[in-house]
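A short write-up of the structure that comes next.
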Amino acid sequence: MALSSTQAGASPAATTPQSSPLVLRIIGAVALAHLVNDLIQSVLPSIYPMLKANYDLSFTQIGLITLTFQITASVLQPWVGYYTDRHPNPLVLPVGSICTLIGIMMMSMVGSFPMILLAAALIGIGSSTFHPEASRIARLASGGRFGLAQSTFQVGGNSGSALGPLLAAAIIIPFGQDHVAWFGLIALFSLGLLYVISRWYRSHLALFKLKAGQVATHGLSKTRVWASLGILAFLVFSKFFYMTSITSYFTFYLIEKFDLSVASSQLHLFLFLGAVAAGTFFGGPIGDKIGRKAVIWFSILGAAPFTLAMPYADLFWTSVLSVIIGFILASAFSAIVVFAQELMPGNVGMIAGIFFGLMFGFGGIGAALLGYLADSHGINFVYTLCSFLPLLGILAIFLPRTHK
């Protein structure tokens, strides 16, 4: 059944993305697609211990797998967003999901490290086409409640990231690499869902105008806007360098420090990622009410006391602290994206592509660098070093107000 707006009969000329109605079923559908997209992506780090054992990989090679995925997922995103800001195309979403499907099927049957890298690259390409356009559709259906739409969209991805390790522990770890193919069925479902969403998008392209909402109302100079975007980029760096230390290496940290099994370490990772999903959900609506800057300030700097304590905690408190850290840190990203879109309101897709690209890029570079440090200095050193990153949240004091 095609998804449609309650305002399908409204005059396009009188309606802009800023005044279009809230369409919760579209936001929900895009969030579900994000869940599936990120669930498939999260299978990759979830099977790292198995790949490391099967192919005798080093931590550096594990980091290179993540780097390959993150770079392909990040480099294309701003360009996809820039192009579709000017030439929106509903087919971008389903076509991108085909790359994800091919990549995940390859991952179930590859037999060498170079082929693992190729499969990871294809999954990354699928992601790079998904995020800018899906973020735009969520904003188009937001009815002006941009924080709510962005956080709902983002929480779908975080939920998928949390479910991925759990499903991997149940399906792949006990039965072997070839069972990754079961996730191809989920990718097929995503392809169908994105086609339905693209039909709604096609029927509402009249609401999307290149110049609609392009005039900024914040009164800031171009220099101040670009300086603010630079600060936001630094905050994304601090957040995702720390986050990748958890998503890529937390299982190894728990196994080495507390002698946990792979399955038990995956459950602890699931708890962290579940907290990330919850924090993301609350971050956007709170930002709509109290302002993005306040949320950004709290969510980056506020995590610092807990990250600084975690390297010295026992297993119980490591688990508790990881949940607190995940919840606080996750509330930042939706607020950061919407804040940046308010700074440059005529480039919604490009801004989404840049910041999702930075998320993947910093995550990939961080994974490779932290993998090298884990090989050379030990996994405990990695967590001690990364615990200082949230202190960069102090930079949020220099962010301007985006509303007069």
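The values are calculated or read from the model by the stated rules, or taken from the named source; none is laboratory data. For clarity, every value in this text was computed on a predicted model and none was experimentally measured. All Cβ positions, glycine included, derive from the backbone under ideal geometry; neighbour counts span all protein chains shown. Heads up: the accessible areas ignore ligands, DNA and RNA and are worked out on the full protein's heavy atoms, side chains in. Shrake-Rupley method; radii C 1.70, N 1.55, O 1.52, S 1.80 Å.
Would you confirm, using the coordinates I've provided, whether SER248 is assigned to a helix (DSSP H, G or I), under 20 Å from VAL43 (Cβ atoms), at pLDDT 85 or above and not hydrophobic (A, V, I, L, M, F, W, C)?
So SER248 does not fit the description; no.
Restricting attention to helices (runs of 4 or more DSSP H) lying wholly within the stretch 22-135, give those where 3 or more residues are modelled with pLDDT of 85 or more and either touching a Leu at 6+ places or on another chain (Cβ under 6 Å) or open to solvent by less than 20 Å² (accessible area, probe 1.4 Å) (or both).
24-46, 92-107
Restricting to the stretch 385-404, and then to whatever is among the β-branched types (Val, Ile, Thr) and surrounded by fewer than 21 Cβ atoms within 10 Å (Cβ to Cβ), can you tell me which residue is nearest to PHE252 (Cα to Cα)?
ILE394
How do the pairs read when you match residues in the stretch 365-384 that are closer than 16 Å to ILE255 by Cα and open to solvent by 10 Å² or more (accessible area, probe 1.4 Å) with residues anywhere that are of a type in the set (Lys, Arg) and modelled with pLDDT under 85, using Cβ under 8 Å and keeping only pairs 6 or more apart or on different chains?
none
Among the residues of the stretch 214-230, is there at least one that is of a type outside the set (S, T, N, Q), under 24 Å from TYR48 (Cα atoms) and at pLDDT 85 or above?
no
Each row is one residue, and each column tells you yes or no for (1) crowded, with 19+ Cβ neighbours inside 10 Å; (2) closer than 16 Å to ASN37 by Cβ; (3) of a type in the set (D, E, K, R).
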{"position": "ALA138", "(1), (2), (3)": "yes, yes, no"}
{"position": "ILE171", "(1), (2), (3)": "no, no, no"}
{"position": "PHE189", "(1), (2), (3)": "no, yes, no"}
{"position": "ARG199", "(1), (2), (3)": "no, no, yes"}
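Exactly one condition in (1) within 17 Å of the chain's Cα centre (by Cα); (2) of a type outside the set (Lys, Arg); (3) not in a helix (DSSP H, G or I) is false for LEU260; which is it?
Of everything listed in (1) within 17 Å of the chain's Cα centre (by Cα); (2) of a type outside the set (Lys, Arg); (3) not in a helix (DSSP H, G or I), LEU260 misses just condition (1).
Inspect all residues belonging to the stretch 307-328 and state whether any of them is within 26 Å of THR68 (Cα to Cα) and either open to solvent by less than 10 Å² (accessible area, probe 1.4 Å) or touching a residue at least 60 places away in the same chain (Cβ under 8 Å) (or both).
Yes; the residues of the stretch 307-328 include at least one that is within 26 Å of THR68 (Cα to Cα) and either open to solvent by less than 10 Å² (accessible area, probe 1.4 Å) or touching a residue at least 60 places away in the same chain (Cβ under 8 Å) (or both).
Among the residues that make up the stretch 159-167, is at least one of them surrounded by fewer than 24 Cβ atoms within 10 Å (Cβ to Cβ) and over 24 Å from ALA275 (Cβ atoms)?
The answer is no; no qualifying residue exists.
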